[in-house]
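Participant: Encoded as structure tokens, here's the structure I'll be asking about.
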Amino acid sequence: MILEDRIEANVSVWRERVARMIKEYGDFVISNVTVQQIYSGIRGVPIQVSDISFVDPDHGIRYRDYSINEILKLLPKAPGSKYPMVGGLYYLLMDNELPTLSKAKEVEEEWKKRATVPDYVFKIIDSFPDDGSAMAMLSAGVLSMSCDSKFSKAYHESVGKNDYWKSTLDDSIDLTARMPQIAAYIYNKKYRNNQQIDPDPKLDYAANFAHMIGKGDDPLYSELMRLFILLHADHENANVSAHTAHLVGSALSDIYLSCSAGLNGLAGPLHGLANQECCNWLLDLYHFYQGIPSKEQIEEYARKTLEDGKVIPGYGHAVLRCTDPRFTAEMEFAKAHFPDDELFRTAMAVFEVVPGILMETGKVKNPWPNVDALNGALQYHFGVTETDYYTVLFGLSRMLGITSHVVFARAVNKPIERPKALTTRMLESMISEQN
Ligand code: HAX
């Protein structure tokens, strides 16, 4: 199998680099941690190494050292499409080489072979009320597949530690192969009277998902999903969802347990849920002023949001200090295909006003839009108007990055993660001893 062959070819080099780093530079100090950082969510403290991706504060995410713009240009395109094939993206995340079209297709073919979702997953999802949380359904569906984990089986059959990554990769490909149908099942159950649509093996990963939620007639929606999945696939291994999955995986929990935990973090409003909150905020703004609001109206509305003690969703970031290039890519998609869409124009008008208002607060470190500022508006344009589903789309995409990080961690035999917690009294005595 192509991904296994590629990792097999690389794994000894990856391990040697880690071993040399520890042997030769084990005592090298890379940062000091301040009291402020401990009390502010361990902000900015380097906690691990993962070669899949890196968020450059001034330029945005880099997958395997390629910027979003480079990736959009260099990855092989789905046939007849302007956007990269998701199989090629997974190849790049797992490996460190840009794939050819035939390699990207090989990954997609492997997914097709493994795409059958076990019936029990649908039963678990069906046991939720239709108005239950879409993210809870997704997380439970993913969790349930732990009983089929090839890694767990290998572990209990005493497969050697150096080979753990192989069954973890196997699980990762199974999981990512099944994700589009699981995500589509939730959509159809919640919003389409449970009218399910069978997968179409002739379609690529993104187009098949579009087809399964009833959007197969609009080729532009498949294009959007190719872009959407690419932009949401990963954002460094230290954000809430990726780090949670990594932490759980470090206890040698299988990929389903790890990814389900990661999805629970993604469901939080300061993380993945922000995309739904952002679209709702835009819709409320648009309806409140009965159309595209003026600059003054946006100012009034944004100030009221802040006065009510709320954040303006889609703006700010824990690491980025620039306009998110993923936002820019989405903006260009909408400008090219539906520049006159009223919600998109509202989002553009907000972009003109909100950064200035956030700067005025004097406390927001990054007043610029993140990826969530637009992605809901784009989905809305195609009639995917159920905002409480948007985080599932994010989860579908993010499984690609998260599983790649977990496979990498297994490949280089990362140990169980166990940082240190202090009490306030301990901190006070450390400070008084030094003063
Ligand atoms: N609106 C209002 N206030 C904001 C803000 C925003 N968009 N962004 C930051 N702030 C506030 C913070 O709440 C914080 O206030 P307090 O000191 O009173 O607590 C202050 O500015 C400093 O925060 P920061 O250091 O600039 O930002 P954080 O690293 O603490 O938080 C967040 C980063 C993304 C959580 C934050 O910017 C936010 O809440 N943004 C809105 C929600 C959002 O868009 N989330 C999606 C982020 C992208 C993502 O992860 N997607 O999954």
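Participant: Tally the residues that are over 20 Å from Arg398 (Cα atoms) and of a type outside the set (Asp, Glu), restricting the search to the stretch 317-336.
Facilitator: Residues in the stretch 317-336 being over 20 Å from Arg398 (Cα atoms) and of a type outside the set (Asp, Glu): 8 in total.
Participant: Something else about it: Restricting the search to the stretch 151-170, which residues are crowded, with 18+ Cβ neighbours inside 10 Å and over 22 Å from Arg15 (Cα atoms)?
Facilitator: Going through the stretch 151-170, the residues crowded, with 18+ Cβ neighbours inside 10 Å turn out to be 151-152, 154, 164-170.
Ser152, the sole residue that qualifies.
Participant: Using the structure shown, decide if Ile52 is within 16 Å of the ligand (Cβ to nearest atom) and either under 26 Å from Val412 (Cβ atoms) or surrounded by 14 or more Cβ atoms within 10 Å (Cβ to Cβ) (or both).
Facilitator: Values: within 16 Å of the ligand (Cβ to nearest atom): no; either under 26 Å from Val412 (Cβ atoms) or surrounded by 14 or more Cβ atoms within 10 Å (Cβ to Cβ) (or both): yes.
No: the conditions fail for Ile52.
Participant: Could I ask something else about it? If you take the residues in the stretch 323-344 that are within 19 Å of the chain's Cα centre (by Cα) and in a loop (DSSP other than H, G, I, E, B), which one is farthest from the ligand (Cβ to nearest atom)?
Facilitator: Within the stretch 323-344, the match that is farthest from the ligand (Cβ to nearest atom) is Thr323.
Participant: Here's something else I'd like to know. Among the numbered conditions (1) of a type outside the set (Phe, Trp, Tyr); (2) surrounded by fewer than 17 Cβ atoms within 10 Å (Cβ to Cβ); (3) assigned to a helix (DSSP H, G or I); (4) in contact (Cβ under 8 Å) with a residue 24 or more places away in the chain, tell me where Thr116 comes up short.
Facilitator: (3)
Participant: Looking at Ser258, Ser250, which one is in contact with a Lys or Arg (Cβ under 9 Å, 6 or more places away or on another chain) and at pLDDT 95 or above?
Facilitator: Numbers: Ser258 fails: in contact with a Lys or Arg (Cβ under 9 Å, 6 or more places away or on another chain).
Only one candidate passes the filter, namely Ser250.
Participant: With the requirement that a residue be free of Cβ contacts under 8 Å to residues at least 12 places away in the same chain and either open to solvent by less than 50 Å² (accessible area, probe 1.4 Å) or within 8 Å of the ligand (Cβ to nearest atom) (or both), what does the stretch 295-310 give you?
Facilitator: The one that is free of Cβ contacts under 8 Å to residues at least 12 places away in the same chain and either open to solvent by less than 50 Å² (accessible area, probe 1.4 Å) or within 8 Å of the ligand (Cβ to nearest atom) (or both): Lys310.
Participant: I've got another one for you. Which count do you get for residues in the stretch 345-382 that are aliphatic (A, V, I, L, M), more than 10 Å from the ligand (Cβ to nearest atom) and closer than 18 Å to Tyr286 by Cα?
Facilitator: Matching residues across the stretch 345-382 total 8.
Participant: When residues of the stretch 269-285 are filtered for being of a type outside the set (A, V, I, L, M) and closer than 14 Å to Thr305 by Cβ, how many remain?
Facilitator: Residues flagged as of a type outside the set (A, V, I, L, M) and closer than 14 Å to Thr305 by Cβ within the stretch 269-285 amount to 6.
Participant: Name the residue that is nearest to Leu343 (Cα to Cα), counting only residues in the stretch 270-294 that are open to solvent by 40 Å² or more (accessible area, probe 1.4 Å) and among the hydrophobic types (A, V, I, L, M, F, W, C).
Facilitator: Step by step, filter the stretch 270-294, then rank; the result is Ile292.
Participant: Within the stretch 217-231, identify whether any single residue is closer than 21 Å to Glu330 by Cα, under 14 Å from the mean Cα position of the chain (by Cα), open to solvent by less than 10 Å² (accessible area, probe 1.4 Å) and at pLDDT below 95, and answer yes or no.
Facilitator: Scanning the stretch 217-231 turns up no residue that is closer than 21 Å to Glu330 by Cα, under 14 Å from the mean Cα position of the chain (by Cα), open to solvent by less than 10 Å² (accessible area, probe 1.4 Å) and at pLDDT below 95.
Participant: Something else now. Of the conditions (1) modelled with pLDDT of 95 or more; (2) surrounded by fewer than 19 Cβ atoms within 10 Å (Cβ to Cβ); (3) hydrophobic (A, V, I, L, M, F, W, C); (4) within 12 Å of the ligand (Cβ to nearest atom), Leu266 fails just one. Which one is it?
Facilitator: (2)
Participant: Tell me whether the stretch 383-390 contains one or more residues that are assigned to a helix (DSSP H, G or I), modelled with pLDDT of 95 or more, within 13 Å of the ligand (Cβ to nearest atom) and not polar (S, T, N, Q).
Facilitator: Within the stretch 383-390, one or more residues are assigned to a helix (DSSP H, G or I), modelled with pLDDT of 95 or more, within 13 Å of the ligand (Cβ to nearest atom) and not polar (S, T, N, Q).
Table: residues versus (1) under 13 Å from Val392 (Cα atoms); (2) part of a loop (DSSP other than H, G, I, E, B); (3) open to solvent by 10 Å² or more (accessible area, probe 1.4 Å); (4) not hydroxyl-bearing (Ser, Thr, Tyr).
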site: Ala136; (1), (2), (3), (4): yes, no, yes, yes
site: Ser146; (1), (2), (3), (4): no, no, yes, no
site: Ser172; (1), (2), (3), (4): no, no, no, no
site: Met179; (1), (2), (3), (4): yes, no, no, yes
site: Ile186; (1), (2), (3), (4): yes, no, no, yes
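Participant: Leu252: on the phi > 0 side of the Ramachandran plot, out of contact with any Pro (no Cβ under 6 Å at 6 or more places or on another chain) and touching a residue at least 60 places away in the same chain (Cβ under 8 Å), yes or no?
Facilitator: Numbers: on the phi > 0 side of the Ramachandran plot: yes; out of contact with any Pro (no Cβ under 6 Å at 6 or more places or on another chain): yes; touching a residue at least 60 places away in the same chain (Cβ under 8 Å): yes.
Yes; evaluated as a whole, the condition is true for this residue.
Participant: Moving to a separate point now. How many residues are over 28 Å from the mean Cα position of the chain (by Cα), of a type in the set (Ser, Thr, Tyr) and under 18 Å from Ala421 (Cβ atoms) when one looks only at the stretch 25-40?
Facilitator: Selection size over the stretch 25-40: 1.
The values are calculated or read from the model by the stated rules, or taken from the named source; none is laboratory data. The structure presented is a predicted model; accordingly, all values stated were derived computationally and were not measured. Every residue, glycine as well, gets a Cβ built from its backbone with ideal geometry; the counts of neighbours run over all protein chains shown. Surface areas here come from the heavy atoms of the whole protein model, side chains and all, with no ligands, DNA or RNA. Shrake-Rupley method; radii C 1.70, N 1.55, O 1.52, S 1.80 Å.
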